[in-house]
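The values are calculated or read from the model by the stated rules, or taken from the named source; none is laboratory data. Since the model is a prediction, treat every value here as computed from it, not as a measurement. Methodologically, a virtual Cβ is constructed for each residue, glycine included, from the backbone with ideal geometry; neighbour enumeration extends over all protein chains shown.
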């Protein structure tokens, strides 16, 4: 029987797929980074799962309702679809320990760098190949998640990437690969999978 297990790329959202703009209060302000949709489509076409894992504490901070986060993700999927790309799943953590909305204010195990959302993805998609799992992001939390969930880490220089690289270097932490953007990150993933 053929091996039906597939590699998976966990993707951060802001600064990795879409332009970093802080807390996005207007839906139309979510704009893809050039080449991001094409990169996701390359994963789709190769049968590699593309799964979003993002911390979205804006609702907990009372900047907007939690429904706004879902609306942002609908726009993200729609922008990707315009270029024939899609995310296999979207997981987000709405919590933050110091929020103001009581129901969303807590210490949780789903906020990156905690690995609960990756574990949830493995549970919901049993065909994912843990040994061929990657994390692409621009923040310390993304690299921490890669470490905590045993994922190969790709740091992109978009978003907060350049600044994060300096911070990590001071801590003696090196991502598995540093990419100019998601497209270069996906190139590296394909090289690794071909080995």
Quickly run through segment 114-138 and pick out the residues that are within 16 Å of residue 9 (Cα to Cα) and in contact with a helix residue (DSSP H, G or I) (Cβ under 9 Å, 6 or more places away or on another chain). 115, 117, 118, 128, 130, 132, 133, 134, 135, 136, 137, 138
Hey, among the residues in segment 44-70 that are touching a helix residue (DSSP H, G or I) at 6+ places or on another chain (Cβ under 6 Å) and closer than 14 Å to residue 13 by Cα, which one's surrounded by the most Cβ atoms within 10 Å (Cβ to Cβ)? 53
Identify, please: which residue in segment 1-21 is over 14 Å from the mean Cα position of the chain (by Cα) and either touching a residue at least 24 places away in the same chain (Cβ under 8 Å) or not in a loop (DSSP other than H, G, I, E, B) (or both) and is, among those, farthest from residue 99 (Cα to Cα)? 4
For segment 157-169, indicate whether the set of residues that are closer than 26 Å to residue 123 by Cβ and crowded, with 20+ Cβ neighbours inside 10 Å is non-empty. no
Looking at (1) touching a helix residue (DSSP H, G or I) at 6+ places or on another chain (Cβ under 9 Å); (2) surrounded by fewer than 17 Cβ atoms within 10 Å (Cβ to Cβ), find the lone condition where residue 78 falls short. (1)
When you scan segment 152-191, how many residues do you find that are part of a helix (DSSP H, G or I), in contact with a helix residue (DSSP H, G or I) (Cβ under 9 Å, 6 or more places away or on another chain) and touching a residue at least 60 places away in the same chain (Cβ under 8 Å)? 6
Are there any pairs, at least 6 apart or on different chains, whose C-beta atoms fall under 9 Å, with the first in segment 27-43 and at positive phi and at pLDDT 95 or above and the second part of a helix (DSSP H, G or I) and buried (at least 16 other Cβ atoms within 10 Å of the Cβ), and if so, which? 35/182; 35/183
